[in-house]
Each structure stands twice: as structure tokens, then as C-alpha cells.
Amino acid sequence: MTPDERRRLGERLHAFVTTFDPPLSAGGPTLAVKDLIDVAGVPTGGGGVVPLDPAPACHATVVQRLIDAGYGVVGKTHTVELACGGWGTNRVVGAPWNPWDPSVHRAPGGSSSGSAVAVAAGLCDVALGTDTGGSVRIPAAACGVVGIKPGRGLVSTRGVHDLAPSLDTVGVLARSVADAAQALAAMSGPDDGFSARPAFDAAAALATPVKGWRVAALPLSAVPDIHPDVAAHYEEALRKLRALDVVVEEARLPRPFSDYFAPNGWLMTAEGWRVRGAHVEAHGERMDPWIRRRFEAGREVTDAQLAQAQAQRAAHQAEFGAWMASYHALVSPTSPIPAPPIAEADETTSPFSAMTRAGNYLDISAANLPIGLAKTGMPIGFQVMGGDADETSVVALAAALERVSGWNGRMPDLSGFS
């Protein structure tokens, strides 16, 4: 794709905040960067009218590492305002257009909305996102691409603007598991307090056999308001895993999966106010009122309440970790519904994140894999979750399913956007 084609289609889809011609570095895979992550000299808008940093002095570590690995940065992508939302809406700078439907503006998923749209439309090979409650996996599912959220500590957050520091991770979106895993490997590794774990070995993960693995599958009865098309594709994916000689068992979790949903949202609100409260107070009149109210809800949370919630979270993590030790992975639908028209997005509800928030609350690695299309033509995602710091199992199982999924890297028909 030429720079002019990327710019024109990117404008039609409202994927990019800005594009770079020529790319920053060149010659290798193309990379887009969520506008919550610093690129030197380029404002980090954070999805708002007032930038979080009008002129960053240097690239975020993840951006620099990918440039050093040969990736060429082609632009910065739109995000939900201050990364606070799962539908992909943005009332102050505009929401990206899900590329699978040229006639109806459908929800792209959030908050890494522009990154998923850019990858799905072929505007870049790989894109960076951030994930606090599903913000990589949700748009990946809605737009039909792979999205990997690592556990915390694998990827540096230096130069990445926080929403909720104890939940935030930097993830990657691509059209194949291999492309996403290789980018994850290039951007991972220790960074002087911003990340501490060894770099991810993509080659080893992609070569790991899964025959004989024991995998827990979340039962459909545990997925709230699941769409029948999602249910059918999920059950077909489980059959395909079993055909690979993977032992798939209905999950008997230590507590209902939904128990991890509300505490994640509460922590997001409490920590979000501590991180962004001053920005909201200074610029709230220029923000989407709904986003502003979400942050303001955390104003009254005391330090003692936050500490108590984190202690309960640690207990839940230990409980889940002990249960997960019996399995190689846990799988579920990524979202219970395909992407609806964005005009129908109800900001008082969060169906897109019903299955994803647990990954952040429990601090486990997770990935979305596209597995088919709903009757509306919109993508359906399959979520693979691993144990503590176990990106290898997530990538191995996702890659194995990808090979037999029938998806084969399909892309939307973009002729309707010309």
C-alpha cells in the first residue's frame, strides 16, 4: 500500500490521528502506534482535545525497540478518550469505522480502536495497543485480527500514558499469530523498572506442540447474553481443538467468571482518578461528559479502600493460579456479541468487556483469535488465556487453532470505502 493510499483509506476509516510519509524507519514490517504511546516530537493526544504530552522528547521504549528491530512507523492511531471505554466510541475527536461494513458505522471496539481498524484494513502490518480491561482483545475481536495482551512486567510501559497502572499492559495487534508474537518478542524484555521479565521467545512458542494439552473451556452458560452466532463459532472452535488431540474440558472455575468483572472496573476508576484526575479537573469541560463522569467516580475512593481491594485481588489471583496449575490454558469467547452499529452502543453497559476484564484483574496473558463471521458479516473472536506470565502457552494454542480455524488471514472487502 502506497503512502497516499494509506492516507486516503485511513481518513475514510478515521483510523489515524496522523500518518508519517516517509515512515519513521523503513524497510521492514509497517507499524502503527496507539495515540496513548509516545512518538518523539509528535503530540500524544490520548483521544482527547487536549494532548497528554504536546511534544514527547523521545520514543516510548516499545516504539524504539520495534524501530530498532526494523519496523517502520506509519502513523498514530485513534483511541477512546483517555483509553476509557470498550465500544470504541469517541465523541470529541471521532470514532474509527469498523472496516467490515462500509454501509453502517459499526463499533470498532476499544480502546485501541484505530489500531485494530488499521490492521484489519491492511493499513499496517502490526499495531500497538494498550489493555486495561480488554482494550487490545476487544477491538481485535470486533475487527477480525489477532490481539495479544501479555502479563504485566514483560513489556515496558516507559513512555506509555497510564489509565490504571496495576492493570495496564502494552499489547500488539496483527493479522496472524506469528506476526503478533514476533512483534511481542521484539518489544519485550527488561527496562530499568518499567519491565523486568526476560524477553519473549516467539520462535519457541510458535514451535511448541499442543497435542495432549489439557484446556479448560468456559461453558456457554457462563457467558452473559451470548449471541447465537458467537456460540456456534465458539463450539466449532472447541471441536477443532479436540481434533488436534487437545483435551478440552468444561471449566469449573473457583468462582464465577463474572466475579472478576466488577472489581476490575472499580480499580480502573479508582486508579484512573489518581492518574488523570488533575487532567480531568483542568480540561473536563472539553471532554465527553460520560468519560468525565467515569473518572470522577473514583474521586471519593480512599487509599485504605484501594489497598483493601488490591489485597482481595491478590487473594483472587492466588486462588485462580492454584486452579490454573491443572491446565495449559483457559478459553472463552472474546466477546459475547459481534460488533453492533455504533449508534446502538450503550455507554451504561459493557458487554464487549464481559469476558476480557478478568485477564487484567488476574494479571494473566491472553489473546484474541478470529474464528469466523456472524450472519451480519462481522468477525467473531476466540479468547485464549494462560497462567501467570505464560505467554508461551497462549501463543502456542492460538497458533495451533489458527492453522485449522479456516480463517486464513481473511480481510474485509474495502471496495465500498473507495
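The values are calculated or read from the model by the stated rules, or taken from the named source; none is laboratory data. For clarity, every value in this text was computed on a predicted model and none was experimentally measured. Here the Cβ is made from the backbone with ideal geometry for all residues, glycine too, and neighbour counts use every protein chain on show. Only protein heavy atoms, including side chains, enter the accessible area calculation; ligands, DNA and RNA are left aside. Shrake-Rupley method; radii C 1.70, N 1.55, O 1.52, S 1.80 Å.
What pairs come out if I take residues in region 37-49 that are touching a residue at least 40 places away in the same chain (Cβ under 8 Å) and over 22 Å from residue 91 (Cα atoms) and pair them with residues that are in a loop (DSSP other than H, G, I, E, B) and among the aliphatic types (A, V, I, L, M) whose C-beta lies under 8 Å away, six or more apart or interchain?
38/60
Please work out which one of (1) touching a His at 6+ places or on another chain (Cβ under 7 Å); (2) surrounded by fewer than 24 Cβ atoms within 10 Å (Cβ to Cβ) is the condition residue 380 fails and give its number.
So residue 380 meets the others, but not (2).
Being small (Gly, Ala, Ser) and open to solvent by 20 Å² or more (accessible area, probe 1.4 Å) is the filter; apply it to region 213-236 and report the residue that is nearest to residue 326 (Cα to Cα).
Ranking the candidates gives 222 first.
Please list, ordered by first then second residue, the pairs with beta carbon atoms under 6 Å, 6 or more apart or interchain, first in region 1-26 and open to solvent by 70 Å² or more (accessible area, probe 1.4 Å), second hydrophobic (A, V, I, L, M, F, W, C) and in a helix (DSSP H, G or I).
Matching pairs, first to second residue: 12/417.
Restricting attention to region 95-114, and to residues there that are of a type in the set (A, V, I, L, M) and open to solvent by 10 Å² or more (accessible area, probe 1.4 Å), which single residue is farthest from the chain's Cα centre (by Cα)?
Our first condition is that a residue be of a type in the set (A, V, I, L, M); within region 95-114, this holds for 95, 104, 107.
When the remaining residues are screened for being open to solvent by 10 Å² or more (accessible area, probe 1.4 Å), the result is 95, 104.
Working: 95: 16, 104: 23 Å.
That would be 104.
Between a residue in region 99-121 that is under 17 Å from residue 380 (Cβ atoms) and free of Cβ contacts under 8 Å to residues at least 40 places away in the same chain and any residue that is of a type in the set (Gly, Ala, Ser) and open to solvent by less than 10 Å² (accessible area, probe 1.4 Å), which pairs come within a Cβ distance under 6 Å, given they are 6 or more apart or on different chains?
As it stands, the answer is none, since no pair meets every condition given.
Looking at this structure, is residue 72 surrounded by fewer than 24 Cβ atoms within 10 Å (Cβ to Cβ), in contact with a Leu (Cβ under 9 Å, 6 or more places away or on another chain) and not polar (S, T, N, Q)? So that I can check it myself, show each step before the final result.
Values: surrounded by fewer than 24 Cβ atoms within 10 Å (Cβ to Cβ): yes; in contact with a Leu (Cβ under 9 Å, 6 or more places away or on another chain): yes; not polar (S, T, N, Q): yes.
Yes: the conditions hold for residue 72.
Within region 167-187, how many residues turn out to be open to solvent by 10 Å² or more (accessible area, probe 1.4 Å) and under 16 Å from the mean Cα position of the chain (by Cα)?
In the first step, residues of region 167-187 are kept if they are open to solvent by 10 Å² or more (accessible area, probe 1.4 Å); the result is 168, 175-176, 178-179, 182, 185-186.
When the remaining residues are screened for being under 16 Å from the mean Cα position of the chain (by Cα), the result is 168, 175-176, 179.
Looking only at that region, the number is 4.
Among the residues of region 245-274, which ones are part of a helix (DSSP H, G or I), open to solvent by 50 Å² or more (accessible area, probe 1.4 Å) and out of contact with any Ser or Thr (no Cβ under 9 Å at 6 or more places or on another chain)? Steps first, answer last, please.
As a first pass, look at region 245-274 and keep what is part of a helix (DSSP H, G or I): 257-274.
Among the residues that remain, those that are also open to solvent by 50 Å² or more (accessible area, probe 1.4 Å) are: 258-259, 261-262, 266, 274.
Across region 245-274, the qualifying residues are 258, 259, 262, 266, 274.
Within region 59-82, can one find any residue that is in a loop (DSSP other than H, G, I, E, B), aliphatic (A, V, I, L, M), farther than 14 Å from residue 129 by Cα and modelled with pLDDT of 95 or more?
Taking region 59-82 and keeping what is in a loop (DSSP other than H, G, I, E, B), we get 59-60, 69-71, 78-80.
Those left that are additionally aliphatic (A, V, I, L, M): 60, 69, 80.
Applying the additional criterion that residues be farther than 14 Å from residue 129 by Cα yields 69.
In the following step, the residues that additionally are modelled with pLDDT of 95 or more were identified as 69.
Yes, the conditions are met somewhere in region 59-82.
Sort out which residues of region 288-315 are among the β-branched types (Val, Ile, Thr) and open to solvent by 60 Å² or more (accessible area, probe 1.4 Å), and write them in order of number.
Across region 288-315, the qualifying residue is only 302.
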